[in-house]
């Protein structure tokens, strides 16, 4: 609970309103979606085909120094309706609180941070933003950031996607993981169950620096999200003619099988309005 205050021009102070526990709010909001996870197209992480410059780096690279905007985007994606127009609407404070911005900032500052993050997402053409009375309404656009309307992927011909389980928010992973770990988690979820990913190629393939990739992979292993086995392979470009590589495997709720199960969960739908305990002001 945040208890900071702000001075008005007349000198009086206005205390932040008491906020309902964030986990309780997230449970209500995510429960209202009627599913246990959210599909995110792989093209947000890496383009399927090279662009005009020959690069496959996609929108994910735009968040390598901006954890707030990445958090905002993933949360909006998780809460947007599965059917057109693929939107979600809540008061601004509810958005900022559910994203965790109020954990380290006053409510006024948290809402400003949220607005700044949303502004970036609109410039990247990942969402459109509007208002309906006191509700902030966000509508998804295609994950490639080309301004095209969003369509929900349900078949392989719709393009590949990764499933982010709601446990990412409900178990607090959005707060536990560093930005480097979040970036490499998304990249890892877009791989096969067992995969190799040389860290010296991550910059070229994803627009994420080698140092960020190393920190991210190490952190995910420490958190028990990834396991890594070493194996040797022939490499005639080196003096030793052999090199050691890591073979990574996602664990627990992060395996492909367990993430796929989350999309079959039928949750009880709730009214998609702000919980009454939170002030929408």
Pairing the Cα long axis of helix 210-222 with the longest principal axis of the chain, what angle in degrees results, from 0 to 90 and rounded to the nearest 10? 80
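Gain in length, residue 27 to residue 251, computed as 0.36 nm per residue apart minus the alpha-carbon separation, to one decimal in nm? Could the numbers behind the result be given before it?
Working: separation 224, 0.36 × 224 = 80.64 nm, distance 2.36 nm.
So the chain would gain 78.3 nm between residue 27 and residue 251.
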Rounded, prolate or oblate for segment 51-173? Axes are the square roots of the Cα gyration tensor eigenvalues, ordered a ≥ b ≥ c, and the cut-off for rounded is a/c under 1.5. prolate
State, to one decimal in nm, how far the label point of residue 66 lies from the label point of residue 258, with both points 7 Å from Cα in the Cβ direction. 3.2
Extent of segment 209-251 along each principal axis, from alpha carbon coordinates, in Å, largest to smallest? 35, 22, 11
Any chance you could run the full-extension gain for residue 230 through residue 191? It's 0.36 nm times the residue separation minus the Cα-Cα distance, nm to one decimal. 12.3 nm
Rh by Kirkwood over Cα pairs, then Stokes-Einstein D for the chain at 0.890 mPa s and 25 °C, µm²/s: 122
On a 0 to 90° scale, report how tilted helix 179-189 is relative to the longest principal axis of the chain, with both axes built from alpha carbons and the result rounded to the nearest 10. 60
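Which FRET efficiency value, to the nearest 0.05, do you get for residue 156 and residue 223 by plugging their Cβ-Cβ distance into 1/(1 + (r/R0)^6) with R0 = 45 Å?
Numbers: r = 30 Å, r/R0 = 0.67.
Between residue 156 and residue 223 the formula returns 0.90.
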If we sort 166-172, 222-228 on the protection proxy, mean other Cβ atoms within 10 Å, highest first, what's the order? 166-172, 222-228
Among 195, 217, which comes first, then next, by fewest other beta-carbon atoms within 10 Å? 195, 217
Per-residue [θ]222 nm for the chain (sum of -39500 (n - 2.57) over DSSP H runs n ≥ 4, rounded to 500): -9000 deg cm²/dmol
Expressed as an acute angle from 0 to 90° and rounded to the nearest 10, what is the orientation of the C-alpha long axis of helix 107-123 relative to the principal long axis of the chain? 50
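Highest mean first, what order results for 101-113, 71-83 on Cβ atoms within 10 Å? Intermediate values should be presented prior to the final figure.
Values: 101-113: 18.7, 71-83: 21.0.
The most tightly packed comes first, giving 71-83, 101-113.
Every read-out reported here was derived from the displayed coordinates using simple, explicitly stated rules and does not represent laboratory data. Computed from a predicted structure; not experimentally measured. As a convention, Cβ positions derive from the backbone with ideal geometry for all residues, glycine included, and neighbour counts pool all protein chains shown.
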